[in-house]
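Since the structure comes first, as structure tokens, the remarks are kept for the end.
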Amino acid sequence: MSERIKSFYEFYPYYLSEHQNSTSRLLHFIGTGFFLVYSIYALTTLLWGSLWLGPLVAYGCAWVGHFFFEKNKPATFKYPWWSLRSDFKLFFQILKGKEKIFNA
């Protein structure tokens with residue numbers, strides 16, 4: 001990726017190409033799922049001070065996937081908002097069965 005990507009429409013295929021390893025996808029799915037569940041829990045129980053835990057676990061899972069399984073650098077460093085949006089899109093695409101975690 002030498003040129004700067006200018007739209008989310010261009011970015012998402014790149015994002016998917018950087019998330020081909022099944023273990024990495026599983027870690028992203030777990031991390032995003034934890035973020036959503038824990039954030040809802042923290043907000044409904046008014047545990048405002050612990051909201052930092054959701055992003056910490058989510059990014060921790062994702063980055064382990066990148067550094068140890070994909071062996072690439074997370075796009076979060078260059079495209080933080082599109083990466084975050086893509087994490088959620090991939091999560092919900094997997095839930096709907098439109099994307100797979102395991103390449104079979």
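The values are calculated or read from the model by the stated rules, or taken from the named source; none is laboratory data. Note that the structure is predicted; figures quoted are calculated from it, not measured. Please note: Cβ atoms are built from the backbone with ideal geometry, for glycine as well, and neighbour counts cover all protein chains shown. Surface areas here come from the heavy atoms of the whole protein model, side chains and all, with no ligands, DNA or RNA. Shrake-Rupley method; radii C 1.70, N 1.55, O 1.52, S 1.80 Å.
General observations
- Residues that are within 12 Å of E70 (Cβ to Cβ) and in contact (Cβ under 8 Å) with a residue 60 or more places away in the chain within the stretch 27-41 comprise just one, H28.
- Qualifying residue in the stretch 34-53 (condition: in contact with a helix residue (DSSP H, G or I) (Cβ under 6 Å, 6 or more places away or on another chain), surrounded by 14 or more Cβ atoms within 10 Å (Cβ to Cβ) and closer than 20 Å to N103 by Cα): no
- Note on the stretch 89-104: residues that are over 19 Å from Y9 (Cβ atoms), open to solvent by 60 Å² or more (accessible area, probe 1.4 Å) and of a type outside the set (F, W, Y) amount to 5.
- The residues on offer are G49, G65, and the sole one that is out of contact with any Gly (no Cβ under 6 Å at 6 or more places or on another chain) and farther than 20 Å from Y12 by Cβ is G49.
- Scanning the stretch 86-95 for residues that are in contact (Cβ under 8 Å) with a residue 12 or more places away in the chain and over 11 Å from T32 (Cα atoms) returns a single hit, I94.
- The condition of being outside any helix (DSSP H, G or I), on the phi < 0 side of the Ramachandran plot and of a type in the set (F, W, Y) holds for only one of F102, F91, that being F102.
- Scanning the stretch 66-88 for residues that are outside any helix (DSSP H, G or I) and open to solvent by 30 Å² or more (accessible area, probe 1.4 Å) turns up K71, N72, K73, K78.
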